[in-house]
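Nothing in this text is a laboratory measurement; each read-out follows from the coordinates by a stated rule. Here the structure is a predicted model, which means the values were calculated and not measured. Cβ placement follows ideal geometry from the backbone for every residue including glycine, while neighbour counts extend to all protein chains displayed.
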Amino acid sequence: MSCPYAETLESALCTPRVPDAIGEPAPHHPMRAQATPPSCKPRPHSIRPRPLGSRPRPVQLQSGASGHGPPAAGCRQGAPVTASLWAALCCSVTSLPGGAEAGGGPSAGSVMSSDSSKKRKPKVIRTDGGPQEGKRGKADGEQDARYYSEECEVDLRDPIKDYELYKETCQELQRLMAEIQELKSRGVKDNASEIDERRVQSCVHFMTLKKLNRLAHIRLKKGRDQTHEAKQKVDAYHLQLQNLLYEVMHLQKEITKCLEFKSKHEEIELVSLEEFYSEAPTEISRPDITLTEPHQQTLARLDWELEQRKRLAERYKECQTIKEKILKEIEVKKEYLSSLQPRLNSIMQASLPVQEYLFMPFDQAHKQYETARHLPPPLYVLFVQASAYGQACDKKLVVAIEGSVEEAKALYKPPEDSQDDESDSDMEEEQTTKRRRPTLGVQLDDKRKEMLKRHPLSVTIDLKCKDENVLHLTFYYLMNLNIMTVKTKVTTAAELTTAISAGDLLSPDSLLSCLYPGDHGKKTPNPANQFQFDKVGILTLSDYVTELGHPYVWVQKLGGLHFPKDQPQHMVTADNSLSASHMEMTMKLLRTRLQSRLALHKQFASLEHGVVPVSSECQHLFPTKIVSRLVKWTAIPFEDYAELPYTKDVVEAGLAEDTHLYYMALIERGTAKLQVAVVLNPGYSALPPIFSLCLNWKGERTGSNDDNIRAMESEVNVCYKELWGPKPGYQLLTNQLQRLCMVLDVYLETEPHDTTVEGPKEFPQEKMCLRLVRGPMRLKPFKFNYPQGFFSHR
């Protein structure tokens, strides 16, 4: 039998390496180039690469009669292959793994030429346990039997043993290469045969490595195929798992829906069981069945509910019929009333002269009440309570509403066509040129104006006195601050005499100041306003009271607003009871304040001319003759008053504040000059003025260095009730000044005569006194006794 590897071995010895079928390049091998003799050339087309997937062709070795001899042709002279070397090569090839010794038998499929094996890839044929179908003839079957399949051989071989064989082959190759290198290095010509023998052995080992490489690739492909099949199974199982999980989730949802299902009868409020069994007829309630079976009980209750609803539906239809009948009657009456309205209007127009003649302005009052519907709550409460008080208690009180009703209506209307306005504004911005953005200061000013914005409507109250003098009060409401303010104006029946010192008496800033103690109207009574002021940079409201009006506390109470400091509230609403409880008292105080200021105005006009007016009712308080006279009366500011040395006690005692009025008077008699500093409380005459004295005569005499000066101050400051006169006591100030003139006469006339000065006494005694001085302080008699006409000590 010829060796199946003969032709392959011959081509490996005599031809260069051809690239593998997988596209691996054939590198130049120096040892192979040296081992190939020049005379040995490759046969053309000795090894033709077969197409991928074709069957391998049997390779027959041309040899001698025994079949194991050297090739007859293929090598030229100069490269002989001995018979012994050829026999050894054949034996080594047949002993490869997978050969006859491995149990596979010599097969043409296990040994191929090096070039053809590189060109071909093994084809994996999956049989899946069954025979492979194909159109093959008998000759093909016999030809396949002559070869073995490396795919099948992979299943029979042990990878570990192949790995051991690989390592041994590599070691043998290293050993052979080292021996060839050593033989060549000796340079002996006799070593050529040994070199050729070792070269043949190396080629055999190379073929072994190539076979192992093919087997490794087959194993890799089989492993990949098995992995792919396993992954497909896993994917199929995973898909089945996902389907099952989805079905489980769907079933759980259905179970949840079933558990959460609520029947419509559960939403119906059924009558109680006691009422059901007491009212429902027996054919519906069926107590013999429903008491033991809950389901039948529920059905019976639903039947009874249905029966009741049917009855109610019939009753509803009857009520609807009655309602439609009543609506028709209402429509008929509305038509009659609508036709009656024009007639009533014409009657009202015709009755206007009668209303004016009888002082019964019904039409005007009706219009006022229609306008009052648009007032904010505080102003509405003030309008209602003031009107009620005027009708019940004060016929001279006139209440009216001023302002724009249209603007008030616009405050409560929602903005219309906002989108159109925005589009128009956008068009304007596009058409106009670059505009400067408002600065921060301008923005703050706009915010301040918006915060201090007043309601368009206001309430006016005209308070008339007996002498036809009128106090006009205009009340405003600041919408964002939720407080009310008031502005005042005085109209007199007769023109008042101009008095320089009376300039602050009727001014709006001081006229109503401290109407109640401590209520000066310069601070906001709402504690929340301070936080609003901080946002827009307003330090205090006093900078804006001239424009907005004064936010007195009594004004807030008239509007029903109360701002408790100990318990702050989120939103303060108008209270009618609070307004009603303060209305009467406040109106009386306002009228009293106006009358007292008008009386002071007349008195100041006389005082500026040096005349102290004393009414006939108060003439008995003074002697007939008073020599001292008033020569000066002027108004001074608080700062000048506080700088006076003889007023420090009053300032330190807190009896002089910046809300009070301050005046300076000068009383003279001869060389004696009495300076009088007067503090006039805004609540005059309920609160008396306070006098501080300084006598310039033979030195400066004040209450701190002269007890009699202190006694003179006591006469006007402590004993003021004697000088009040007839109620309401508006003559108190002039009576106090007249008493100062009187006690100054007593003081000067009772002074002892200076003997060092020649001539008569400067102030001869004209007043009759029981005793000139008394006590260790040498106090003088300043009390006038009427009608005896003498002075005595208190």
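Above 27 Å, the calculated P(r) of region 612-792 contains 26 percent of its Cα-Cα pairs. Each Lys or Arg adds one and each Asp or Glu subtracts one; over the other residues with Cβ under 10 Å from the Cβ of C719, this totals +2.
Note: relative contact order over region 612-792, using C-alpha pairs below 8 Å and six or more positions apart, is 20 percent. Ordering L770, T702, A672 by the projection of their Cα atoms onto the charge dipole of region 612-792, which places +1 on the Cβ of Lys and Arg and -1 on the Cβ of Asp and Glu, puts L770 at the extreme positive end.
Here the simple spin-label model places points 7 Å from the Cα toward Cβ, and for K222 and E318 these points are separated by 10.0 nm.
Peptides 612-623, 657-668 ordered by packing proxy, namely the average of other Cβ atoms within 10 Å per residue, highest first: 657-668, 612-623. Measuring between alpha carbons in the structure, the pairs from K396/K602; K395/K453; K466/K783; K489/K522 lying more than 26 angstrom apart are K395/K453; K466/K783. Calculated FRET efficiency, M249 to R309, Cβ-Cβ distance, R0 = 45 Å: about 0.60 to the nearest 0.05.
Using θ = phi - 60° in the Karplus curve 6.51 cos²θ - 1.76 cosθ + 1.60, the 3J(HN,Hα) couplings for region 323-338 round to 4, 5, 5, 5, 4, 5, 5, 5, 4, 5, 5, 5, 4, 5, 5, 5 Hz; x is entered for Gly and Pro. Model label points for H238 and N696, set 7 angstrom from Cα along the Cα-to-Cβ axis, are 11.5 nm apart. Each residue of region 657-674 was assigned a 3J(HN,Hα) from its phi angle through the Karplus expression (A = 6.51, B = -1.76, C = 1.60, θ = phi - 60°), giving 10, 6, 8, 7, 9, 10, 9, 10, 10, 10, 10, 10, 8, x, 8, 7, 10, 9 Hz with x at Gly and Pro.
Taking other Cβ atoms within 10 Å as a rough exposure proxy, M712, M768, M484 sort from fewest to most as M768, M712, M484.
Report the Stokes-Einstein translational diffusion coefficient (µm² s⁻¹, integer) for region 229-378, Rh taken as the Kirkwood radius over Cα pairs, at 20 °C with viscosity 1.002 mPa s.
Taking Rh from Cα pairs, D becomes 86 µm²/s.
Dividing the mean sequence gap of close Cα pairs (under 8 Å, 6+ apart) by how many residues region 145-260 holds gives a relative contact order of 30 percent.
For D303, neighbours were defined as the other residues whose beta-carbon sits under 12 Å from its Cβ, and their charges (Lys and Arg +1, Asp and Glu -1) total +1.
Given their separation in residues at 0.36 nm each and the Cα-Cα distance between them, I289 and D155 gain 40.0 nm when the chain is fully extended. Amide H to amide H distances under 5 Å link I636 with Y662, Y663, M664, where only residues 5 or more positions off or on other chains count and H is placed in the peptide plane. Full extension of the chain segment joining R186 with S704 gains 171.7 nm, where the gain is 0.36 nm per residue of separation less the Cα-Cα distance.
Distant-in-sequence amide contacts of I483, defined by a placed amide H-H separation under 5 Å and a gap of 5 or more residues or a different chain, comprise L478.
Counting residues in region 145-260 as N, plug N into 2.2 N^0.38 Å and put the Cα Rg over that result.
Numbers: Rg = 29.3 Å, N = 116, 2.2 N^0.38 = 13.4 Å.
Output field value: 2.19.
With a Förster radius of 30 Å applied to the beta-carbon distance between D504 and V354, the computed FRET efficiency rounds to 0.05. For K161, the lysines whose Cα falls under 20 Å of its own Cα, not counting residues fewer than eight places away in the same chain, are K210, K211, K221, K222.
Using only side-chain charges placed at the Cβ, +1 for Lys and Arg and -1 for Asp and Glu, the dipole size of region 612-792 relative to its Cα centre rounds to 700 debye.
For region 236-325, the Cβ-based charge dipole about the Cα centre amounts to some 440 debye (Lys, Arg positive; Asp, Glu negative; other atoms uncharged). Packing, taken as the mean count of other beta carbons within 10 Å per residue, orders the peptides 485-495, 196-206 from highest to lowest as 196-206, 485-495. Between D445 and S338, the contour length at 0.36 nm per residue exceeds the alpha carbon distance by 33.4 nm.
Proximity of backbone amide H atoms, modeled 1.01 Å from N, is registered between F790 and N785 at under 5 Å, excluding neighbours fewer than 5 places apart on the same chain.
With neighbour counts taken as other beta-carbon atoms within 10 Å, the residues V332, V399 rank, fewest first, as V332, V399. First select every other residue whose beta carbon is under 11 angstrom from the beta carbon of S510; then total the charges, Lys and Arg +1, Asp and Glu -1. Net charge around S510: -1.
Backbone geometry of region 181-186 corresponds, through the Karplus equation with coefficients 6.51, -1.76 and 1.60 at θ = phi - 60°, to 3J(HN,Hα) couplings of 5, 5, 5, 5, 5, 6 Hz, x marking Gly and Pro.
Site pair S263 and E495 shows an inter-label distance of 9.9 nm when each label is modelled 7 Å from Cα along Cα→Cβ.
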